[in-house]
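The values are calculated or read from the model by the stated rules, or taken from the named source; none is laboratory data. Just so you know, these numbers come straight off a predicted model, no measurement behind them. We place every Cβ from the backbone using ideal geometry, glycine too, and count neighbours over all the protein chains shown. Areas reflect the complete protein model, heavy atoms only, side chains present, ligands, DNA and RNA absent. Shrake-Rupley method; radii C 1.70, N 1.55, O 1.52, S 1.80 Å.
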Amino acid sequence: MLSFSYQNHTLHAESVAITDLMAAYGSPLYVYSRTGIENNWREFDQAFGTHPHLVCYAVKANSNLAVLNILAKIGAGFDIVSIGELERVLVAGGKANKCVFSGVAKTVSEIERALEVGVRCFNVESASELNRIESVAQSVDKQAPISIRVNPNVDAKTHPYISTGLKENKFGVDMNEALDLYQIAQKSEHLSVQGLDCHIGSQITDVSPFLDALDKVLELLKQLNTHGITIHHLDLGGGIGIDYEGEETINIQAYINA
Ligand SMILES: Cc1ncc(COP(=O)(O)O)c(C=O)c1O
């Protein structure tokens, strides 16, 4: 069933006429399709087959509690960028150990709370942030799981305002600085190296920028291995473009296979 379609010239959400929803709830009205959300997430999840993976929903896209609850129930992970987003995920039934904490402005109290509930990983966006996470972890006598978010300097060929993986974007650490940060993390009693993270932008309609970024990430991974630093997961981001007006976009299975 299509999430939204015209049946007898009337827009329907799944099998319900929007006009009936407007009669019941008034207008303007936000309508989400449970089936549409579940199918989109499952398409990603199933594309990985038996390969170990976790598909994380970017909570910033829509943090409506009902939407988060649908995703929590089917086993989604969550990409969060603030403690508010984390609290919403928890209230909606999501698990802290399926949350990755991204974002360039994590405060001391946010790091404390994320450690308290046990997020899966902090995606560290700068040297100063690594330092801050380490000192908070030390103050509460915990070990913080971390990935370094690297900036691969690739052009995602998307709108400049939603590009995140170019050198001039504020996100992530220069590829050349990453090794130093991993070495600092590896030596720290209060940091535990888990992954390597990269996000290049939103509304991406072509696989090639993802592959360019991945090539750079894999090169760094090899370099880390030669320094005895083991990476347990890759966190690869960049949002798949939406087909707004019949544009070609990425086929999820082809992307994951690539
Ligand atoms: C770390 C991270 N996750 C998620 C997003 C949301 O975008 P998308 O859903 O397109 O990946 C962004 C956007 O900047 C981001 O930086």
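Restricting attention to region 199-215, the residues that are open to solvent by 40 Å² or more (accessible area, probe 1.4 Å), assigned to a loop (DSSP other than H, G, I, E, B) and within 12 Å of the ligand (Cβ to nearest atom) add up to 3.
Selection over region 229-248 of residues that are without any contact (Cβ under 8 Å) to a residue 24 or more places away in the chain and either away from the ligand (no atom under 16 Å from the Cβ) or touching a helix residue (DSSP H, G or I) at 6+ places or on another chain (Cβ under 7 Å) (or both) gives a count of 2. Within region 164-186, can one find any residue that is among the β-branched types (Val, Ile, Thr), touching a residue at least 60 places away in the same chain (Cβ under 8 Å), touching a strand residue (DSSP E or B) at 6+ places or on another chain (Cβ under 9 Å) and open to solvent by less than 30 Å² (accessible area, probe 1.4 Å)? Scanning region 164-186 turns up at least one residue that is among the β-branched types (Val, Ile, Thr), touching a residue at least 60 places away in the same chain (Cβ under 8 Å), touching a strand residue (DSSP E or B) at 6+ places or on another chain (Cβ under 9 Å) and open to solvent by less than 30 Å² (accessible area, probe 1.4 Å).
All of (1) closer than 18 Å to Ser102 by Cβ; (2) part of a helix (DSSP H, G or I); (3) within 16 Å of the ligand (Cβ to nearest atom) hold for Leu196 with one exception: (2). Would you pick out the residues in region 156-185 that are within 12 Å of the ligand (Cβ to nearest atom) and polar (S, T, N, Q)? Thr158, Ser163, Thr164, Asn169 - these are the residues of region 156-185 that are within 12 Å of the ligand (Cβ to nearest atom) and polar (S, T, N, Q). Of the residues making up region 95-108, none is aliphatic (A, V, I, L, M), more than 16 Å from the ligand (Cβ to nearest atom) and in contact (Cβ under 8 Å) with a residue 40 or more places away in the chain.
Here Glu189 meets the list (1) open to solvent by 20 Å² or more (accessible area, probe 1.4 Å); (2) part of a loop (DSSP other than H, G, I, E, B); (3) within 11 Å of the ligand (Cβ to nearest atom) almost entirely, failing just condition (3).
Under the condition of being more than 14 Å from the ligand (Cβ to nearest atom) and part of a loop (DSSP other than H, G, I, E, B), the residues counted in region 134-153 number 5.
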